Amino acid sequence: MAYEKELALISKSTEEIIPISELETKLDKSAKTGKPLRIKYGIDPTGYDIHIGHLVPIRKMRDFQDLGHTGVIIIGDFTAQIGDPTGRDESRPPLTHEQIKINSEKYMEQLFTILKPEQTEIRYQSEWFGTMGVSDVLKLLGKFTLAQFMAHDTFRNRYEQGLSLGMHEIMYPLLQAFDSVAIESDVELGATEQKFNILCGRDMQRYYGMEQQIAVLSPILLGTDGVNKMGKSLNNYIAVFDPPAEKFGKVMSIPDSLILNYYSYATSYSPERLQEVKDKLASGMNPMLLKKRLAWEIVALYHGETEAQKAQDGFESLFSKGEIPEDIPDYELSPGRQRVANILVASGLCSTNGEAKRLIMGGGVSIDGEKIAAWDQELEPQSGMILRAGKRKFARIKVV
């Protein structure tokens, strides 16, 4: 097969490529003309705290960049004003243009931990939608039928369940699809849940007489709970902005069942190295050893090898040297600042407030190895923190 190495790199850790035969044709055309492919990925900057699950398709864009192609990030300053079209996230309301601008700048700062700035274009939807009139919008609507959109699981399910479905929400796939026309996309990246929208982009390009883009769909990275999609609302995420030690600790807290998933979608491991991980898991190797290496790889990816080693050394000083047992019970906390003394009592590490106060004042209470100095000290809890009371009592905090 021609372009076997290129296709192997692009196919690594992807769920589906539609259609892969056309991708090979595009790679051949690019090689002959010297013109890089344009690799599209759209973001709705409804916030700026990106987690490593968001970066699964971004890592694929970097693969394309390593092959010499151009990444095009679409800032959805129009689609972000629609809100969440799936109806799942009530916490994602429409945003103002100023909020979108601030969020997108912070968003790009994090994306550039993976992408090559010199091979990345940043485009705003307002470049093309800002000048559209009502007649232009009606022409856009005329490219598709209502039946096409009601075939989409999200819209159909909401309609059948009698849930609210605004007409503006149906516009979301159309706007995303027209982005592909505006920037002349060759490939669009996205999670598997974006399949409908990305295929709408192929249809839109066909209606405009353009060469159709390829859909490269990435799997969804599960959250640290091992059950749900990674997300801030469930507090099961590892943020790009998390400090190295916190990233390391969060990776170490994942269930063993996620080890291969994270190696596959959150690291740069080659297929050969992934097979080595599979073989080690099958051989009965201690999962803790594999998680340590995984945590090191993820921290090194975002902070460099020196910080990764510091994070590992810090973790091992707590756990591997016998200071803290591995089978620490979890204690669930609500988000928001709370007094450490109250947490000690509520978690059962201390029986009374008086005992908690005496233990704190005696230097017997610590969070992740750092002593609590004042009896009324407050804490902003983070999942994975280790609370220690005295020599033998521990609890791992889990924010819910």
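Brief remarks follow.
- Averaging the sequence gap over all C-alpha pairs within less than 8 Å and six or more residues apart, then dividing by the number of residues, gives region 150-211 a relative contact order of 33 percent.
- Within the accessible area of the chain (1.4 Å probe), percent carbon and sulfur: 51
- Estimated [θ] at 222 nm from DSSP helical runs (n ≥ 4, -39500 (n - 2.57)) normalised by residues in the chain, nearest 500: -13500 deg cm²/dmol
- For residue 101, a cut-off of 24 angstrom between C-alpha atoms picks up these lysines, skipping any fewer than 8 places away in its own chain: 40, 116, 232.
- The phi-based Karplus calculation (6.51 cos²θ - 1.76 cosθ + 1.60; θ = phi - 60°) puts the 3J(HN,Hα) values of region 169-178 at 6, 5, 6, 4, x, 5, 5, 4, 5, 5 Hz, whole numbers, x for Gly and Pro.
- Proximal lysines relative to residue 280, as straight alpha-carbon distance under 25 Å, when same-chain residues fewer than 8 apart are discounted: 12, 247, 250, 291, 292, 321
- What separates the Cα centres of region 17-70 and region 139-195 is a distance of 21 Å.
- For residue 357, the aspartates and glutamates whose Cα comes closer than 14 Å to its Cα, not counting residues fewer than 8 places off in the same chain, are 376, 378.
- Positive-pole candidate from 181, 197, 147, dipole of region 110-198, charges at beta carbon: 147
- Solvent exposure of the chain amounts to 48 Å² per residue of accessible area, where only protein heavy atoms count and the probe is 1.4 Å.
- Packing-based order for 125-133, 215-223, using average beta carbon neighbours within 10 Å, highest first: 215-223, 125-133
- Summed side-chain charge close to residue 125 - residues other than residue 125 whose Cβ falls under 14 Å, Lys, Arg +1, Asp, Glu -1: -3
- For region 195-235, convex hull volume per residue from C-alpha positions, Å³: 75
- Cα gyration tensor, region 32-80 - rounded (a/c under 1.5), prolate or oblate: oblate
- The distance separating the Cα centre of region 114-138 from that of region 329-400 comes to 49 Å.
- Relative contact order (percent, whole number), region 178-299, Cα cutoff 8 Å, 6+ residue spacing: 20
The values are calculated or read from the model by the stated rules, or taken from the named source; none is laboratory data. Quantities reported herein were computed from a predicted structural model and do not represent experimental measurements. Quick reminder, even Gly has a Cβ in these numbers, built from the backbone with ideal geometry, and neighbours come from all protein chains shown. For the accessible areas, the whole protein counts, side chains as well, though only heavy atoms, and no ligand, DNA or RNA atoms are used. Shrake-Rupley method; radii C 1.70, N 1.55, O 1.52, S 1.80 Å.
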